[in-house]
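The values are calculated or read from the model by the stated rules, or taken from the named source; none is laboratory data. Please read all numbers here as calculations on a predicted model, not as lab measurements. Cβ placement follows ideal geometry from the backbone for every residue including glycine, while neighbour counts extend to all protein chains displayed. Calculation scope for accessible area: heavy atoms of the full protein, side chains included, ligands and nucleic acids excluded. Shrake-Rupley method; radii C 1.70, N 1.55, O 1.52, S 1.80 Å.
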Amino acid sequence: MSSETEDPETRKLFDKIKAWISEDYNPKLAQACEDFYKEEEFDADGIRADINDCEYPDGDACALIDELSDNKGKDVLSTDQDKIKFAKALKDAINGIERPKKEVPTLKDLKGLNFTLSKSDPRKAGKVITEQCPGLFEEKDEESFKYVLAYGVKNNIPLLQWLVDTYLRYKINQKYGRGISEFNTTDFGNQYEFFKNPVCAKSKDKLRSVIASFWKRLVPEIQLKPPMSFVDDDINKFVEYYSAMADAINIMLNENENQMAPCQIDLWVIPKNSVSNLDDDGDSDGEEEEAGDGDQGNIDMIGNLEYRLKEDKDSFSYEKFEDIDLAGTRLSRFLSQHIVAKINNQRSQRLIIYVDRRDPSQTDKMKGKYFKDNYGQNDEEGKWDNDQLYRERKTTKKTWKDTIYIVQSSDTKFSELKTQYSAETSFWASSKCLLPRSKSCPSEKRTKMDPYFGARSDLNGYQFCLSWHIDSVDVIKTYWYHNAWGTRFFPIDAYKLWPMYFKKVHNGKKEQEVKKDNKTKLMKMRQVIDPGFEKWYELTVGKDDKGERDLVRQDWIQV
């Protein structure tokens, strides 16, 4: 059956089957179902009969299941019980059975927490995470990580994620509420009320140490001070892309949650330029100067994006959209339209989206020779003058439009959320796979464990990535990666934190400001879409010296 002759009723059945099988199994098996029925030219009535009339093990067989069990589904359909389970999933899918709504993990109080484990519990938790995140553990004695994962499984909560997010938001709240920028895990360990609770007395050491282990294994923590590299671009464009993507996700979930969530979307906004925060003596002084006046230029390590993607065409698929000059609702609709098309009704997927704001008159030339010459640094022909390129990036007013790429890895470790995926898997995917390394560049050596650039690579300040972990319409967690660190991110941070990391204006004397309209929109956005984490923070943090313990206080939002 060709797509040209496919009737709407058949299309609806395909969408239902793919959504259900994607969640219960994986997107590739879901696509194989559609491919089989199309190849065999089943219409809607034929699909229903093939599925509804089958009875394993002694009744009628299902042509689809028989085909899959011999080929693409043989690993999951090897026994009669496997086939019975798969047949039930197909029947539920096409007959409109309501899938039970996924329960949002939450706690009423801390009394019910149980940190008593069997000897096998940490081993089982470690096995799951190492299967989904190969190479995560280098040492055999990384016990705290596995134990805390097992504590989470025991209590049906994402404990490790909540602990790390609590620390990150508590650290940021110290800056918002008390003006404190220097804060570390030792300070947190001494102040965190949960660690003083009798319920975790025997587990306190593991619970405390696992936060630092998370930084080491996945993504380091945010630094609340002027960075080594500033984003040399308009902060408001970054705010607009962030809010447009947040709106696009809401549009997609409201229109078709069952054929999207869970999923992960990483949005990397590549700035038009990056400048180093080093003076002539090599000291970091937090002040930005005029070009040629002590200001150090960062070499563009990214080069031509399409060259990278084509060079590694077996590892990444992509769509490219040039001359993008959209904002607001139009930008949200553009993003949602093309994300939905890419996901194609298959849940549990991860997409990467690049927004390239760099000057195409430069990046169009940064291809093979640029990478072979190590970003032009080993150029003996005098083609690349990085100082001149930097001066052009710094002084040329942006008149060109942006280019957007929608990208997906072909490696299922980085493109799919497994059926029983751990929350930490999403961090691992972002930390390992955002950009292909160039095979041409001497500096970009690939290893089995690090074939790509991820969130742990600052790329000379050009990395600025927002990651949405979308469990459901009720649970959407956002993270921000920049300068090789990361943090849990709320809308308030776009106007309270981001200015510190952007190049100053007025000869380096004044931070950039978020426009009033953009700030108003950020204020009106729901700051936290994660009721389980909100409750956890409330239960475990306690009150500060002002009697406050809110995750996001109203007076911070209004400033």
- Note on the structure: Residues in the range 442-480 that are of a type in the set (A, V, I, L, M, F, W, C), more than 19 Å from Val164 (Cβ to Cβ) and open to solvent by less than 10 Å² (accessible area, probe 1.4 Å) total 2
- Item | Test: residue in the range 41-48 that is outside any helix (DSSP H, G or I), over 19 Å from Asn345 (Cα atoms) and either among the charged types (D, E, K, R) or open to solvent by 80 Å² or more (accessible area, probe 1.4 Å) (or both) | yes
- Among the candidates Leu417, Leu389, residue that is among the hydrophobic types (A, V, I, L, M, F, W, C), over 30 Å from the mean Cα position of the chain (by Cα) and open to solvent by less than 50 Å² (accessible area, probe 1.4 Å): Leu389
- Kindly indicate whether Thr425 is more than 29 Å from Ala341 (Cβ to Cβ) and either part of a helix (DSSP H, G or I) or free of Cβ contacts under 8 Å to residues at least 12 places away in the same chain (or both). no
- Query: For the range 145-167, which residues satisfy the criterion of being touching a residue at least 40 places away in the same chain (Cβ under 8 Å) and either open to solvent by 40 Å² or more (accessible area, probe 1.4 Å) or over 21 Å from Tyr421 (Cβ atoms) (or both)?
  - Reply: Tyr147, Lys154, Asn156, Thr166, Tyr167
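I'm checking my understanding of the structure. Among residues of the range 214-228 that are in contact (Cβ under 8 Å) with a residue 24 or more places away in the chain, outside any loop (DSSP other than H, G, I, E, B) and open to solvent by 10 Å² or more (accessible area, probe 1.4 Å), which one is nearest to Lys504 (Cα to Cα)?
Glu221
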- Query: Is there any pair linking a residue in the range 92-108 that is at pLDDT below 85 to one that is open to solvent by 80 Å² or more (accessible area, probe 1.4 Å), with Cβ under 8 Å and at least six apart or on different chains, and which?
  - Reply: Gly96/Lys16; Arg99/Asn258; Pro105/Asn156
- Query: So, of the residues in the range 462-482 that are at pLDDT 95 or above and not in a strand (DSSP E or B), which turns out to be nearest to the chain's Cα centre (by Cα)?
  - Reply: Gln463
- Quickly run through the range 529-544 and pick out the residues that are of a type in the set (A, V, I, L, M, F, W, C), closer than 16 Å to His469 by Cβ and open to solvent by 10 Å² or more (accessible area, probe 1.4 Å). Ile529
- Query: When the range 308-360 is examined, which residues are found to be assigned to a helix (DSSP H, G or I) and touching a Pro at 6+ places or on another chain (Cβ under 8 Å)?
  - Reply: Arg308, Leu309, Glu311
- Message: For the range 128-159, give me each residue that is in a helix (DSSP H, G or I), charged (D, E, K, R) and either under 22 Å from the mean Cα position of the chain (by Cα) or modelled with pLDDT under 90 (or both).
- Response: Glu131, Glu143
- Item | Residues (of a type outside the set (Lys, Arg) and more than 18 Å from Gly179 (Cβ to Cβ)) located in the range 538-559 | Glu538, Leu539, Thr540, Val541, Gly542, Gly547, Leu551, Gln554
- Query: Of these, Gly303, Gly297, Gly328, Gly376, which one is touching a helix residue (DSSP H, G or I) at 6+ places or on another chain (Cβ under 9 Å), at negative phi and small (Gly, Ala, Ser)?
  - Reply: Gly297
- Item | Of residues in the range 361-374 being open to solvent by 10 Å² or more (accessible area, probe 1.4 Å) and part of a loop (DSSP other than H, G, I, E, B), the one nearest to Leu435 (Cα to Cα) | Lys367
